[in-house]
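The structure under discussion appears below in the form of structure tokens.
The values are calculated or read from the model by the stated rules, or taken from the named source; none is laboratory data. Bear in mind the structure is a predicted one, so any value in this text is a computation, not a measurement. All Cβ positions, glycine included, derive from the backbone under ideal geometry; neighbour counts span all protein chains shown.
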Amino acid sequence: MNIRLRILASIRGGMPAQITVQDAASGVLFADEGEFIPYARLGYNAQLGYFDTQSLPDAISDCENHNPETIHRYGVPDGWQAYVWLDADGFPHQLGELHQVADLYAALGALLLRGELDQEPVDEFDPAWGQNFDTADAVAEAIAYGYGDAGDEARLADTIRAAARTGRIRKACQRNGAWSLPKLTFRDWLVKSSEEKRGRPRKENA
């Protein structure tokens with residue numbers, strides 16, 4: 001087990017400690033002793049509990065403590081020299097070429113060493129995340145869900161645009177005149193609208 005998972009389980013179980021950063025290194029601040037141990041030196045075994053491997057070099061840790069965040073070459077056929085960050089959950093994030101990685105390194109250093117960052121927060125539904133539907137994608141999603149039929153795309157697109165315009169699809173916004181619809185809130189609207197549609201009484205012929 002990685003020491004990060006072990007310490008997280010201990011903290012959730014009530015151990016007085018905090019995962020934090022000191023001197024640009026991630027690690028754990030133990031409240032009882034007031035001691036910070038970076039992950040790179042943090043060990044654990046049943047007899048000692050958590051310990052600093054630098055202070056106890058002969059102690060055996062039951063956990064490995066390698067950094068789960070890794071950098072890889074971007075494997076593209078044309079040989080473009082770019083890099084990818086593979087996060088601890090296994091998701092890849094393109095970093096760009098080496099000069100862009102260096103700029104990112106400088107920005108991360110500014111944050112970790114001096115607390116510098118852009119004060120403009122990024123919203124969880126910002127279209128720049130790339131997790132939003134455009135109208136055509138939303139229509140296809142709705143039809144796949146059963147909220148419309150193939151051949152009725154134009155009417156369904158009008159319905160979706162109207163829902164976005166009136167605020168029924170939360171955080172929907174327009175960029176360059178086109179609607180950008182967060183997948184989460186669009187699907188929430190889709191489920192609610194489908195339930196309302198199913199719940200309406202059928203009209204009887206006069």
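What the table below lists for this structure:
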{"read-out": "Selection status of Asp137, in a helix (DSSP H, G or I), under 23 Å from the mean Cα position of the chain (by Cα) and not assigned by TED's automatic domain parsing to the domain that holds Asp23", "value": "yes"}
{"read-out": "Tally, over the range 152-192, of residues that are free of Cβ contacts under 8 Å to residues at least 12 places away in the same chain and in a strand (DSSP E or B)", "value": "1"}
{"read-out": "Boolean, Trp129 is within 30 Å of Ala25 (Cβ to Cβ) and not small (Gly, Ala, Ser)", "value": "yes"}
{"read-out": "Among (1) among the hydrophobic types (A, V, I, L, M, F, W, C); (2) under 28 Å from Asp123 (Cα atoms); (3) modelled with pLDDT under 95, the one test that Ala150 misses", "value": "(2)"}
{"read-out": "Candidates Gln100, Gln18, Gln54, filtered to the one that is assigned to a loop (DSSP other than H, G, I, E, B) and at pLDDT 95 or above", "value": "Gln54"}
{"read-out": "Subset of the range 26-49 [surrounded by 14 or more Cβ atoms within 10 Å (Cβ to Cβ), closer than 16 Å to Asn65 by Cβ and of a type in the set (A, V, I, L, M)]", "value": "Val28, Ile37, Ala40, Leu42"}
{"read-out": "Residue within the range 52-68 that is surrounded by 11 or more Cβ atoms within 10 Å (Cβ to Cβ) and touching a Cys at 6+ places or on another chain (Cβ under 7 Å) present", "value": "no"}
{"read-out": "Among residues of the range 21-40, those that are at pLDDT below 95 and in contact with a Ser or Thr (Cβ under 8 Å, 6 or more places away or on another chain), counted", "value": "0"}
{"read-out": "Inter-residue pairs, beta-carbon under 7 Å, first hydrophobic (A, V, I, L, M, F, W, C) and in the range 127-151, second in a loop (DSSP other than H, G, I, E, B), 6+ apart", "value": "Ala142/Gly148; Ile143/Asp149; Ile143/Ala150"}
{"read-out": "Given (1) under 30 Å from Ser194 (Cα atoms); (2) assigned to a helix (DSSP H, G or I); (3) in contact (Cβ under 8 Å) with a residue 12 or more places away in the chain; (4) out of contact with any helix residue (DSSP H, G or I) (no Cβ under 8 Å at 6 or more places or on another chain), index of the condition Leu112 fails", "value": "(1)"}
{"read-out": "Residues satisfying the stated conditions in the range 74-95, i.e. assigned to a strand (DSSP E or B), of a type outside the set (A, V, I, L, M, F, W, C) and either touching a helix residue (DSSP H, G or I) at 6+ places or on another chain (Cβ under 7 Å) or surrounded by 11 or more Cβ atoms within 10 Å (Cβ to Cβ) (or both)", "value": "Tyr83, Pro92"}
